[in-house]
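*Asks:* First the structure, then my questions, so here it is.
The values are calculated or read from the model by the stated rules, or taken from the named source; none is laboratory data. No experiment lies behind these values; they were computed from the predicted model shown. All Cβ positions, glycine included, derive from the backbone under ideal geometry; neighbour counts span all protein chains shown.
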Amino acid sequence: MKSTEMIGWESIEKQFPNDKDHYRAIAHIRHNESKKIVDYETSVRVEDGKPIPFWWTPDGNAGCDCNRALFFYGDDHDHPCGNKKFSVNLSNPVDGKVFYREFE
């Protein structure tokens, strides 16, 4: 199945001809100490018909607490780097299914 044939996902229009296919996703960002969860609309790249959550994993740019704090609190928040303050689950906004999970 080509990524452009993904059923049950909402695609995002490409900005540039060489862009990979992206689909809407929701990042459920949990502040681990307070257990508060904030939903942040984002997108994920798709390859071979599967969402690729790499950007949100510990190895990706959004895996760091400093970047997750920006999504959780807003652009005016400064937070030190690390990987213990926030956890993320990613879901498909069309059906609500979680495809990447860091917390229960």
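*Asks:* Out of everything in segment 60-90 that is within 13 Å of the chain's Cα centre (by Cα) and in a loop (DSSP other than H, G, I, E, B), what residue ends up being nearest to residue 9 (Cα to Cα)?
*Replies:* 60
*Asks:* I would also like to ask the following. Can you tell me which residue within segment 63-81, out of those that are surrounded by fewer than 14 Cβ atoms within 10 Å (Cβ to Cβ) and among the charged types (D, E, K, R), is farthest from residue 101 (Cα to Cα)?
*Replies:* Going through the qualifying residues, I end up with 76.
*Asks:* Inspect all residues belonging to segment 91-100 and state whether any of them is farther than 18 Å from residue 9 by Cβ, more than 12 Å from the chain's Cα centre (by Cα) and either free of Cβ contacts under 8 Å to residues at least 60 places away in the same chain or not in a loop (DSSP other than H, G, I, E, B) (or both).
*Replies:* No, segment 91-100 contains no residue that is farther than 18 Å from residue 9 by Cβ, more than 12 Å from the chain's Cα centre (by Cα) and either free of Cβ contacts under 8 Å to residues at least 60 places away in the same chain or not in a loop (DSSP other than H, G, I, E, B) (or both).
*Asks:* If you don't mind, another one. Six or more apart or on different chains, Cβ under 8 Å: which pairs go from a residue in segment 47-73 that's farther than 17 Å from residue 24 by Cα to one that's in a loop (DSSP other than H, G, I, E, B) and among the polar types (S, T, N, Q)? Could you list them?
*Replies:* 58/83; 63/57; 63/83; 64/83; 65/83
*Asks:* Here are some residues: 88, 98. Which one is within 19 Å of residue 24 (Cβ to Cβ) and out of contact with any helix residue (DSSP H, G or I) (no Cβ under 9 Å at 6 or more places or on another chain)?
*Replies:* 98
*Asks:* Could you go through segment 24-45 and let me know if any residue there is buried (at least 18 other Cβ atoms within 10 Å of the Cβ), in contact with a helix residue (DSSP H, G or I) (Cβ under 6 Å, 6 or more places away or on another chain) and at pLDDT 85 or above.
*Replies:* yes
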